[in-house]
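Working notes, structure below.
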Amino acid sequence: MEKFENPINKKDIQGVPGPDGILRKSLAYNEDALLCNFDMKKGAKIPLHNHKHAQIGYVINGKLKFITEDGTFLAETGDSYVFDGYEKHGAEILEDSDVIEVFTPCRKEYIPE
């Protein structure tokens, strides 16, 4: 894994489009964890999915509805949340949202080329 220079500022990162209305910026990372910033537009949807990585998020601003196999919950400005590895989850973006998430172990497919 290539070493990068600290600090990393999101304004210097090229965004990677995800599902329609979602832009991901991969920020700092090492073998153990990866920090991402997501710009999510109202109306965007993230389909139900899972992955081996634990996912911890914080809503800087906005409002999202998360869908899990156990039901749904809302997360809005100031809220944090966690999904364990392999836990199925998806989302509907209810307001334009700015979210940060940490994935552990590192999601190597999210490392910029």
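Here residue 11 is the anchor, and the aspartates and glutamates within straight C-alpha reach of less than 19 Å, apart from those fewer than 8 places off in the same chain, are 39, 96, 98, 101, 113. Given R0 = 30 Å, the distance between the Cβ atoms of residue 68 and residue 96 translates into a calculated FRET efficiency of 0.85. In the chain, inverting the average of 1/r over every pair of distinct C-alpha atoms gives 14.3 Å as the Kirkwood radius.
Over 23 Å between Cα atoms: which of 25/65; 10/108; 10/65 fall into that group? Those over the limit are 10/65. GNM remark for the chain: springs join alpha carbons under 10 Å apart, and the peak mean-square fluctuation among 46, 13, 67 falls on 13. Taking the chain as a Gaussian network of alpha-carbon nodes connected by springs under 10 Å, the highest mean-square fluctuation of the residues 87, 31, 76 belongs to 31.
Report relative contact order for the chain in percent, whole number only (criteria: Cα-Cα under 8 Å, sequence separation at least 6).
Numbers: 273 pairs, mean separation 34.6, N = 113.
So the answer I get is 31 percent.
Every number here is computed from the coordinates shown, using simple stated rules; none is lab data. Keep in mind the model is a prediction, meaning the values are calculated, not measured. No Cβ is skipped: glycine too gets one built from the backbone with ideal geometry, and neighbour counts run over all protein chains shown.
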